[in-house]
Amino acid sequence: MATSLRCFLRSGKQAVLVVARRGIHRSPPAALQVTVRDALNQAMDEELERDERVFLLGEEVAQYDGAYKVSRGLWKKYGDKRIIDTPISEMGFAGIAVGAAMAGLRPICEFMTFNFSMQAIDQVINSAAKTYYMSAGLQPVPIVFRGPNGASAGVAAQHSQCFAAWYAHCPGLKVVSPWNSEDARGLLKSAIRDDNPVVFLENELLYGVPFEMSEESQSKDFTVPIGKAKIERPGTHITLVSHSRYVGHCLDAAAVLAKEGIDCEVINLRTIRPLDVECIESSVMKTNHLVTVEGGWPQFGVGAEICARIMEGSAFNYLDSPVTRVTGVDIPMPYAKILEEHSLPQVKDIIFSVKKTLNV
Amino acid sequence: EACAAGIEAAINPSDHLITAYRAHGYTYTRGVSVKEILAELTGRKGGVVKGKGGSMHMYAPHFYGGNGIVGAQVPLGAGIALACQYQANNQICVTLYGDGAANQGQLFESFNMAALWKLPCIFICENNKYGMGTSVERASASTDYYRRGDFIPGLRVDGMDVLCVREAAQFAADHCRAGKGPIIMELQTYRYHGHSMSDPGVSYRTREEIQEVRTKSDPISMLKERMLGNNMASVEEFKEIDIEIRKEVEEAAQFATSDPEPPLEELCNHIFSNNPPLEDEKKLRAGDRSLKSRQRGAESRNNPEEEEEEREEKMPLAQLADPWQKMPVGGTAGEEAHHDPEDTMGDDDSMPACTVSPPVVLVSAPQGCRLGLQVLVGLI
């Protein structure tokens with residue numbers, strides 16, 4: 001697929017960062033700034049070291065150091081056997097990865113973006129997700145499918161789709177969508193250690209963003225449980241639920257709204273499937289208002305599912321107004337910058353939705 | 001029948017096999033009882049996968065189904081071969097597909113990667129001349145399926161002659177085990193019945209054609225005549241075998257119609273493979289078969305406390321998780337070839353003189369690929 005154009009467009013989006021690489025002789029780490037890219041890299045490095053059955057395959061993961069440099073340095077360290085460059089054959093190599101998982105290995109199958117996973121989606125759903133059920137528990141498939149998901153910048157319609165709703169629809173899969181470095185590191189470790197197929201949705205625009213990582217989160221066995229959301233910012237007036245990049249947007253919106261006296265509770269889903277409905281419900285029972293924020297299209301999406309689940313549960317009686325969904329515009333992603341910006345949720349859209357929901 | 005029986009005779013139980021949906025014979029040759037197969041077809045709890053897979057999704061140790069999406073099993077098979085190579089256990093993977101699926105794009109993706117990485121995979125095309133109702137001439141621009149691997153050497157084999165299949169599969173297995181990379185076999189065979197229960201099988205071919213194959217090329221008849229003609233068995237012995245088999249199948253059919261259906265509690269089981277991931281890894285290594293999920297409900301729960309126990313432990317390759325707990329991982333190369341239970345003669349190393357016309361084996365070898373054609377000449 002067209003990597004060269006994307007690499008060209010990708011440049012210069014993020015500021016130069018202070019990145020601490022983990023060396024052997026470090027004294028006990030204090031909190032430090034780590035980019036999402038480095039968090040993912042370290043997580044894979046540690047899991048490769050920990051378990052010989054783990055290996056990585058995908059396009060450009062080895063000698064190119066990863067199309068987005070997420071697997072930088074791994075091929076040098078682990079060699080051809082554990083870090084495998086594949087030809088452009090998504091259906092083929094995804095199937096190969098699933099077969100290897102069935103036969104006892106623990107592959108990490110990288111899609112250069114999840115748009116290309118559509119080529120291989122039969123292997124993800126029919127060969128990976130359903131097999132444990134069809135075999136009545138005889139054949140587990142411990143595999144991780146990872147790669148960037150959703151909108152990037154200036155890559156147009158075929159390279160910008162969000163697949164969270166597509167994969168989260170299917171039983172037998174776990175679908176996770178980290179936001180910050182701690183999420184990325186902990187969830188990737190959990191995903192690799194999980195004996196089930198996990199779809200790991202990263203975000204290209206977050207790769208270069210540094211986040212503070214606590215001392216605890218730098219431990220080699222730090223994992224974030226799959227299926228548990230996190231309350232990033234407690235609040236009392238309204239609940240904002242989001243995943244991936246838009247958690248950041250929600251926090252920005254919350255900061256602006258706080259100045260106007262509106263106290264937002266921001267929930268970072270972390271996992272799309274299984275959805276942590278309890279967390280959302282208890283939050284709604286406290287705040288009585290709910291806004292969901294996602295980058296994907298509105299119809300049959302993550303926000304739609306949250307609305308349905310809230311409506312079906314006890315939290316419905318606590319709602320003082322209908323839930324509002326903030327989503328990507330229901331169109332293929334346009335190319336021109338101004339159009340692209342307006343086809344995705346912006347902070348002002350979230351602020352507008354909060355005020356509309358609160359009727360202020 | 002010659003295909004499944006011949007292939008299994010040439011490989012070890014520790015080798016791997018995967019095929020598409022026409023899998024009942026392979027399920028049997030890979031070790032599942034007739035009883036469990038029939039009960040799975042009738043959707044009973046005594047079926048090999050408790051009635052949850054059905055006709056197309058039966059599994060056994062080192063047998064990966066039973067796959068409904070034709071063609072998808074080919075990359076899976078290449079991946080299993082990759083695992084064999086990765087673990088350096090001298091095992092190979094036999095990956096079967098039909099003449100219909102031979103036109104799937106993912107096959108060619110698999111051929112490319114298998115050849116690139118020299119995966120120990122035997123790709124076998126069971127050419128029964130029809131993909132559902134479409135004859136090979138109407139489906140494929142080239143019906144030389146043994147040549148479709150291009151840069152991968154291919155053998156064309158008489159798939160109705162069990163000994164021919166066995167010898168060719170043996171050759172192919174040796175080729176893979178020697179590290180020479182993948183190889184293709186085309187087994188020329190036939191399908192008497194229609195594609196499925198709802199296909200009478202005569203709208204796209206003539207009854208005469210079916211009859212002709214039945215009378216002239218039936219694998220079981222051919223083997224029987226050959227054995228009788230060479231005094232390897234008597235008519236009475238065959239009668240006894242027939243009676244024994246009939247009895248076994250009758251009992252299995254009884255079971256399959258009388259065993260209860262799976263309980264409704266099973267509906268939501270087996271979605272996910274574990275509770276705390278690491279806890280179950282420990283169990284797998286300790287050989288705990290009760291690891292088969294006792295999961296109730298669709299969600300799995302993670303238990304961070306247990307994970308801490310595994311803090312510094314590496315997972316050595318030698319203790320690979322074997323969910324079946326039956327097969328030793330890393331079977332030795334010197335394992336006895338699995339003998340077809342119908343073979344009452346014991347050792348039959350020497351190829352008996354044929355009274356039927358000799359099997360034809362055509363070879364397609366890309367330039368520069370030395371296959372040891374002398375071996376092939378010896379077969380003919």
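The values are calculated or read from the model by the stated rules, or taken from the named source; none is laboratory data. These numbers were taken from a predicted model, which means no experiment stands behind them. Every residue, glycine among them, receives a Cβ derived from its backbone with ideal geometry; neighbour counts consider all protein chains shown. To get the accessible areas, we keep the full protein, side chains included, count just its heavy atoms, and leave off ligands, DNA and RNA. Shrake-Rupley method; radii C 1.70, N 1.55, O 1.52, S 1.80 Å.
Before moving on, here are some points about what is shown:
- Accessible surface of A:LYS230 - all protein chains present, 1.4 Å probe, nearest 10 Å²: 70
- Of the whole protein surface, B:LYS118 contributes about 110 Å² of accessible area at a 1.4 Å probe radius.
- Of the accessible area of region B:79-187, computed with a 1.4 Å probe over protein heavy atoms only, carbon and sulfur atoms account for 48 percent.
- The protection proxy used here, the mean number of other Cβ atoms lying within 10 Å of each residue, ranks peptides A:308-315, B:66-73, A:181-188, A:90-97 as follows, highest first: A:90-97, A:181-188, B:66-73, A:308-315.
- Taking a ≥ b ≥ c as the square roots of the eigenvalues of the Cα gyration tensor, an a/c ratio of 1.5 or more together with a/b no larger than b/c marks region B:55-135 as oblate.
- Chain A - accessible surface per residue (Å², probe 1.4 Å): 37
- If R0 is taken as 35 Å, the Cβ-Cβ distance between B:SER234 and B:TYR192 corresponds to a FRET efficiency of 0.80.
- Furthest towards positive pole of dipole, B:ALA5, B:GLY46, B:GLY77, structure part region B:1-78, Cβ charges: B:GLY46
- Chains B and A together, accessible area buried on both sides, 1.4 angstrom probe, square angstrom: 5000
- Within-14-Å neighbourhood charge of B:PHE151 [Cβ basis; K, R +1; D, E -1]: +2
- Taking 0.36 nm per residue of separation and subtracting the current Cα-Cα distance, fully stretching the chain between A:LYS355 and A:MET285 would add 23.3 nm.
- Reach of B:LYS129 by Cα under 23 Å, taken over lysines that are not fewer than 8 positions away in the same chain: B:LYS216
- Taking every residue in A:81-90 and counting other chain Cβ atoms within 10 Å of its Cβ, the average works out to 3.
- Burial annotation for region B:68-88: residues with an accessible-area loss of at least 20 Å² between the isolated chain and the complete set of protein chains, computed on heavy atoms with a 1.4 Å probe, are B:ILE69, B:ALA72, B:PRO75, B:LEU76, B:GLY79, B:ILE80, B:LEU82, B:ALA83, B:TYR86, B:GLN87.
- In straight-distance terms, cross-link reach from A:LYS356 covers every one of the lysines whose alpha-carbon lies under 16 Å from its own, apart from those fewer than eight places away in the same chain; here that gives A:LYS348.
- The relative contact order of chain A, computed from alpha carbon pairs under 8 Å that lie at least 6 residues apart in sequence, is 15 percent.
- Shape category assigned to region A:147-287 from the gyration tensor of Cα positions, a/c cut at 1.5: rounded
- Neighbouring partner chain Cβ atoms per residue of A:37-46, average, 10 Å criterion: 0
- Nitroxide proxy distance, nm - points 7 Å out along Cα→Cβ at B:THR215 and B:ASP144: 3.3
- Förster radius 51 Å - calculated FRET efficiency between A:LYS76 and B:THR206, Cβ distance, rounded to 0.05: 0.20
- The charge dipole of region A:159-251, taken about its Cα centre with unit charges on the Cβ atoms of Lys, Arg (+1), Asp and Glu (-1) only, comes to about 200 debye.
- The magnitude of the dipole of chain A, with charges of +1 and -1 set on the Cβ of Lys/Arg and Asp/Glu and taken from the Cα centre, is near 440 debye.
- Each Cα pair under 8 Å and six or more residues apart adds its separation to the average, and for region B:1-116 the resulting relative contact order is 27 percent.
- Averaged over the residues of A:192-204, the number of partner chain Cβ atoms lying within 10 Å of the residue Cβ comes to 3.
- Overall, the accessible surface of chain A at a probe of 1.4 angstrom is composed of carbon and sulfur to the extent of 57 percent.
- Region A:205-360 shape via C-alpha gyration tensor axes, a/c threshold 1.5: rounded
- Cα-projected label distance for B:SER33 with A:LEU32, points at 7 Å along beta-carbon direction, nm: 6.1
- Accessible surface for B:TYR59 stands near 0 Å², nearest 10, in the context of the full protein assembly shown (1.4 Å probe).
- Taking the accessible area of region B:229-272, probe 1.4 Å, and keeping the other protein chains in place, the carbon and sulfur fraction comes to 56%.
- Within region A:251-348: Cβ-based charge dipole about Cα centre, in debye rounded to nearest 20 (Lys, Arg +1; Asp, Glu -1): 140
- Positive dipole terminus of region B:99-184, leading residue within B:ASN103, B:PRO120, B:VAL157 (C-beta point charges): B:PRO120
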